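The values are calculated or read from the model by the stated rules, or taken from the named source; none is laboratory data. Here the structure is a predicted model, which means the values were calculated and not measured. Neighbour counts are summed over all protein chains in view; Cβ atoms, including those assigned to glycine, are modelled from backbone coordinates with ideal geometry. We work out accessible area using only protein heavy atoms, side chains counted, and drop any ligands, DNA or RNA first. Shrake-Rupley method; radii C 1.70, N 1.55, O 1.52, S 1.80 Å.
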Amino acid sequence: MPEVPLVPEGPLRPTAPAVATAPAGAPAPSRRAFLRGGVGAGLVAAVPGLAAVSACAGTRQSQAAGTGPSPSGSDTAPAAGRTSNGYGRTGLRRDSIQQWEDGFRTAAHNDDPNVFEWWYSDFTGDDGTVVSFTLSTRMDDGFVPEPGEAGRRPKSSVTVTDPDGADHGGVRTYDWSDFTSSKDRCDVRLGPLTLTGDLKTYRMKGQSGEVAVDLTLTSLVQPFRPGTGIIYFGDTDYFFGWLCAVPSGSATGTITVNGEKRSFTGHGYHDHNWGNRPFPYGVEHWRWGRGSVGQYSMIGADVHLREEYGSAVVPVFLVDDTKDGKRLVGAYEPQTVTVRESAPRPHPDAAYPRDYYSTVHWSYHHGGDRADFTFTDTDQLIVARQYVAQPTRTQKAALGNLGIDEIWYTRYATKNDLTLALPAVHTSGTGTGTLEAAQFGLSTAPPKKGTASPGTTAHPDGTAHPDGTASPGHTTGPNPSVS
């Protein structure tokens, strides 16, 4: 989920719905300046399915457990967008994405501090300049439990990273009198900043401190929504939603830093995220990656829900041909997508008490069709943040009840490998991108080499397994309710 201090139907290349989510150093590149050869980050989300998780020799794998679709109309169907109830309840269309879907989705419940929403965009210039532009309704974007009224404030995050690594801009909070948003289209204003768009063309404009932007983003491919794009946690009372309005687009305009204006050309991304219950209550951890290899762009997600929601796994596998504007793979069913994490290594932030998996591999397999992409850390840290390091009494009690020790978000630049073995495309190559990890509790993170968590035995390769044994995998319990 990319805002930190900051999927069409059918398993086989479904047609996209038609349009009706740090420190700088000079002269060395900034550790936040990850996008200058590739792409930025966006947000995960989507569709839970029954899954099995196995741990062995330095890897963590998500894999389908072989479930089939539930009866039509069931609110507990294991695949998204498969029921008439799901679309009917949300007002969404099965075969098209409407402009109101990028509007103010939580307007009716904005008084609830647990509700959150943000619109995220990022840009990479042809000269290596990186721009990030986010408008949010909450200070912590749903990452902390019991945020309270103090966290119910809108904020912006507007940053520019120069090709030499110098960073400008940052996060600002506002009063509610500074915020307006349309419910029937993307038209958001926060203080001097505006974001408008129609699922094809978007404009981000305004000034935040020493940074001003006026950028236009034009999509090169269709928007992407996995089914309804909404996870329901256990029932339909609590949910999280994601719309990838612009998976990949061309960008033009101007940016101004400290009064110096310069032209901008490059590419960009835009997504939209919202929910009504903070992530720690429903999500155990997630991995999310976005990148490009030549004319092909890809997005991968691997979201793991908490045990009380069946330890379900939510996969997304998206590959677009930005040259021809075609969707090659748009899969979000766990029967066709597997994800494997590997290569544990020390975390770039010394305060992080465990190691992390530096490589994530996504695989799509349906019949004779295959596609694979891998994201591998390049040591360029974008951001690492610990949330609720000093919890309030209420937050401390909530974390204790949830069994959560620490909450961390990390994002870093990657090298990407892509292989496509599809009827219309057989190719492979390397490119660049970003990969993020969100941990709501560190029990599933690999221990530091030479150490082991309680109840585990450390192995020479730095991995640990419960009771000193490697598990071949287990089947999780019932699925959460999804639409």
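Among the residues of the stretch 357-387, which ones are aromatic (F, W, Y) and either over 26 Å from E406 (Cβ atoms) or open to solvent by 20 Å² or more (accessible area, probe 1.4 Å) (or both)? Spell out the reasoning first.
Initial filter on the stretch 357-387 (aromatic (F, W, Y)): 357, 362, 364, 373, 375, 387.
Within the stretch 357-387, Y357, W362, Y364, F373 meet the criteria.
Consider Q63 against the criteria (1) modelled with pLDDT of 85 or more; (2) closer than 23 Å to V337 by Cβ; (3) within 22 Å of the chain's Cα centre (by Cα): it satisfies all of them except one. Which criterion is unmet?
(1)
Out of the residues in the stretch 425-450 that are touching a helix residue (DSSP H, G or I) at 6+ places or on another chain (Cβ under 8 Å) and open to solvent by less than 20 Å² (accessible area, probe 1.4 Å), state the one that is farthest from L305 (Cα to Cα). Outline the logic, then answer.
Pass one, the stretch 425-450, residues touching a helix residue (DSSP H, G or I) at 6+ places or on another chain (Cβ under 8 Å): 432, 434, 438, 440-441.
Still in the running and open to solvent by less than 20 Å² (accessible area, probe 1.4 Å): 434, 438, 440-441.
Numbers: T434: 22, A438: 12, F440: 10, G441: 12 Å.
Only one residue tops the list, namely T434.
Identify, by number, the condition in (1) closer than 24 Å to H347 by Cβ; (2) under 22 Å from the mean Cα position of the chain (by Cα); (3) outside any loop (DSSP other than H, G, I, E, B) that L399 doesn't meet.
For L399, the failing item is (2).
So, of the residues in the stretch 169-202 that are under 27 Å from L381 (Cβ atoms) and open to solvent by less than 30 Å² (accessible area, probe 1.4 Å), which turns out to be farthest from the chain's Cα centre (by Cα)? Show your work before the answer.
Initially, the stretch 169-202 is screened for residues under 27 Å from L381 (Cβ atoms), giving 169-173, 193.
Then drop every residue that is not open to solvent by less than 30 Å² (accessible area, probe 1.4 Å), which leaves 170, 193.
Details: G170: 20, L193: 23 Å.
Per the criteria, the residue is L193.
Would you check if V303 is open to solvent by less than 10 Å² (accessible area, probe 1.4 Å), assigned to a strand (DSSP E or B) and farther than 22 Å from T419 by Cα?
Numbers: open to solvent by less than 10 Å² (accessible area, probe 1.4 Å): yes; assigned to a strand (DSSP E or B): yes; farther than 22 Å from T419 by Cα: yes.
Yes; evaluated as a whole, the condition is true for this residue.
Counting only residues that are among the aliphatic types (A, V, I, L, M) and over 12 Å from P154 (Cβ atoms), how many does the stretch 116-141 have? Reasoning before the result, please.
Keep residues of the stretch 116-141 that are among the aliphatic types (A, V, I, L, M), which gives 130-131, 135, 139.
Next cut, over 12 Å from P154 (Cβ atoms) only: 130-131.
Selection size over the stretch 116-141: 2.
Taking only pairs six or more apart or across chains, which ones have beta-carbon atoms under 7 Å, a first residue in the stretch 209-237 that is closer than 21 Å to H270 by Cβ and in a loop (DSSP other than H, G, I, E, B), and a second residue that is modelled with pLDDT of 90 or more and aromatic (F, W, Y)?
P226/Y332; G227/Y332; G229/W242
Scan the stretch 203-225 for residues that are touching an Asp or Glu at 6+ places or on another chain (Cβ under 9 Å) and of a type outside the set (K, R) and jot them down. So that I can check it myself, show each step before the final result.
Step one: list which residues in the stretch 203-225 are touching an Asp or Glu at 6+ places or on another chain (Cβ under 9 Å), which gives 203-206, 220-225.
Hits for the stretch 203-225 are M204, G206, L220, V221, Q222, P223, F224.
For the stretch 181-208, what are the residues that are in a loop (DSSP other than H, G, I, E, B) and touching a strand residue (DSSP E or B) at 6+ places or on another chain (Cβ under 9 Å)? Give the derivation first.
Within the stretch 181-208, the first condition is being in a loop (DSSP other than H, G, I, E, B), and the residues that meet it are 182-185, 191-192, 198-200.
Correct list: S182, R185, G191, P192, D198, L199, K200.
Would you please name the residue that is most open to solvent (accessible area, probe 1.4 Å), looking only at residues in the stretch 104-139 that are among the acidic types (D, E) and at pLDDT below 95?
Restricting attention to the stretch 104-139, the residues satisfying the condition of being among the acidic types (D, E) are 111-112, 117, 122, 126-127.
Adding the requirement that they be at pLDDT below 95 leaves 122, 126-127.
Values: D122: 3, D126: 121, D127: 90 Å².
Within the stretch 104-139, the match that is most open to solvent (accessible area, probe 1.4 Å) is D126.
With G169, G165 as the choices, which residue is touching an Asp or Glu at 6+ places or on another chain (Cβ under 9 Å) and among the small types (G, A, S)? Talk me through it step by step, then tell me what you get.
Details: G165 fails: touching an Asp or Glu at 6+ places or on another chain (Cβ under 9 Å).
Going through G169, G165 in turn, the sole match is G169.
If I ask for residues that are within 30 Å of D126 (Cβ to Cβ) and open to solvent by 10 Å² or more (accessible area, probe 1.4 Å), which ones from the stretch 262-289 would you list? Working first, answer last.
Taking the stretch 262-289 and keeping what is within 30 Å of D126 (Cβ to Cβ), we get 262-273, 287-289.
The answer is R262, S263, T265, G266, H267.
Looking only at residues in the stretch 80-99 that are under 21 Å from the mean Cα position of the chain (by Cα) and hydrophobic (A, V, I, L, M, F, W, C), which one is modelled with the lowest pLDDT?
A80
Are there any pairs with C-beta distances below 8 angstrom linking a residue in the stretch 308-332 that is closer than 13 Å to L220 by Cβ and open to solvent by less than 10 Å² (accessible area, probe 1.4 Å) to a residue that is assigned to a strand (DSSP E or B) and polar (S, T, N, Q), with the two at least 6 apart or on different chains, and if so which?
Final answer for the pair search is D320/S248; D320/S297.
Being open to solvent by 20 Å² or more (accessible area, probe 1.4 Å) and of a type in the set (A, V, I, L, M, F, W, C) is the filter; apply it to the stretch 402-424 and report the residue that is farthest from the chain's Cα centre (by Cα). Reasoning before the result, please.
The initial filter retains those residues of the stretch 402-424 that are open to solvent by 20 Å² or more (accessible area, probe 1.4 Å), namely 402-403, 405-406, 415, 417, 419, 421, 423-424.
Add one more test, that the residue is of a type in the set (A, V, I, L, M, F, W, C), and what stays is 402, 421, 424.
Values: L402: 23, A421: 26, A424: 28 Å.
Looking at the filtered set, the residue picked out is A424.
So is D369 under 22 Å from R411 (Cβ atoms) and not aliphatic (A, V, I, L, M) or not? Write out each step before concluding.
Working: under 22 Å from R411 (Cβ atoms): no; not aliphatic (A, V, I, L, M): yes.
Here the answer is no, as D369 does not meet what is asked.
Quick check on this structure: which one of G165, G142 is buried (at least 18 other Cβ atoms within 10 Å of the Cβ), modelled with pLDDT under 95 and not aromatic (F, W, Y)? I'd like the intermediate steps shown before the answer.
Working: G142 fails: modelled with pLDDT under 95.
The conditions single out G165.
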